[in-house]
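Read the structure below first, then the notes.
The values are calculated or read from the model by the stated rules, or taken from the named source; none is laboratory data. None of these values were measured; they are calculated from a predicted model. Methodologically, a virtual Cβ is constructed for each residue, glycine included, from the backbone with ideal geometry; neighbour enumeration extends over all protein chains shown. Just so you know, the surface numbers come from the protein's heavy atoms only, side chains and all, with ligands and any DNA or RNA stripped out. Shrake-Rupley method; radii C 1.70, N 1.55, O 1.52, S 1.80 Å.
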Amino acid sequence: MNPKYNYKKALLGKKLFFDTRLSHDNTISCASCHLLKEGGDDNIPVSIGIAGKKGTRNAPTVLNARYNKLQFWDGNAKTLEEQVKGPIHNQIEMASNFKEIISKLKKDEKYHKEFTDLYSNGITSFSITNAISEFEKALTTPDSKFDNYLRGDKTALNTNELNGYQLFKDYGCISCHNGINIGGNLLQKIGTIEEYDTSDFGLYNITKNNEDKFYFKASSLRNVELTAPYFHDGSIETLEAAVNIMIKHQVGFLIDEKERADIIKFLKTLTGKTPEFLRENK
């Protein structure tokens, strides 16, 4: 994982990521719901937006989001730039718009200089979303134990972790959680084998196609031990419970305690290092 990004734009994007002026009432920033030195999410079932409003879905991690082929739980955004726009306009989250944000930022002389140095048109909706997306491109967590194993270090995983990896493949988890991000590539129905109880219709909310009911993004499993609670509604508190539910509802197997424990040990090998960009304290 050697991410490419524009360093100077990423520095500007970092400032914007932590700037509460992106919200209508100047209380919420991107960082309010994405704690970057933890799991990149906020570790609560659903996030809190302006005026204490509660959302309806769990905040996905932004760490390694550059490797997702789909953004948001329903895949409604395909790029990081599109993803940035979502919370800004969401009436529960930031409840703002670019006209309002640009007006605020133009009053800041430092922002004015930084934007004009990097973008020919200065502060625009494009330059704001581009800068934030460049910062998010830097938020990768390399060198997990599993990464080291795949690079050829056969001592990186112990016997239990290796067994968990084999079970992860044998039980079909890898069919949805694969690729560089070990997920984030596709939408899948929750409850493919056994119906799962949720009031959120997922992709159907966008398409109104009955065949799309209960389809959600199969999220990345990188750093999954740090991103509890789990699932689209944040209703599952522990990794153990999440594994049990996925095995039962998605693949239809019954596994014993030892197998579950080994799968979880494998999942914990997916935790990487803090992004280098954040370690620089720029």
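Observations, loosely collected:
- Above-threshold pairs, the threshold being 23 Å between Cα atoms, out of K54/K137; K54/K110; K53/K273; K37/K113; K9/K37; K78/K213: K54/K137; K54/K110; K53/K273; K37/K113
- Modelled label reach - F126, point 7 Å along Cα→Cβ, segment 96-118 residues with backbone N closer than 12 Å: none
- Label-to-label distance, I180 versus K15, with points set 7 angstrom from Cα along the beta-carbon direction: 2.9 nm.
- Sequence of E259, E225 from largest to smallest accessible area, 1.4 Å probe: E225, E259
- Shown here: percent of Cα pairs over 32 Å apart, derived from the displayed model; of the candidates [x] 45; [y] 21; [z] 27, it corresponds to [z].
- For G202, the residues 5 or more places off, or on other chains, whose built amide H falls under 5 Å of its own are F214.
- For D108 and Y7, the FRET efficiency from 1/(1 + (r/R0)^6), where r spans their Cβ atoms and R0 equals 25 Å, is about 0.70.
- The angle between the Cα long axis of helix 7-17 and the main principal axis of the chain comes to about 90°, on a 0 to 90 degree scale.
- For the residues T159, T238, a 1.4 Å probe over the protein chains yields an accessible-area ranking, largest first, of T159, T238.
- 14 Å cut-off, amide nitrogen to a point 7 angstrom out along E211 Cα→Cβ, residues in segment 157-195: 189
- Segment 130-282 shape via C-alpha gyration tensor axes, a/c threshold 1.5: oblate
- Relative to the dominant Cα principal axis of the chain, helix 109-118 is inclined by about 70°.
- Rolling a 1.4 Å probe over the protein heavy atoms leaves D197 with an accessible area of roughly 140 Å².
- Sparsely packed loop sites in segment 1-95 (the trypsin sites (Lys or Arg not before Pro) outside DSSP H, G, I, E and B with at most 16 other Cβ atoms within 10 Å) comprise K4, K37, K53, K69, K78.
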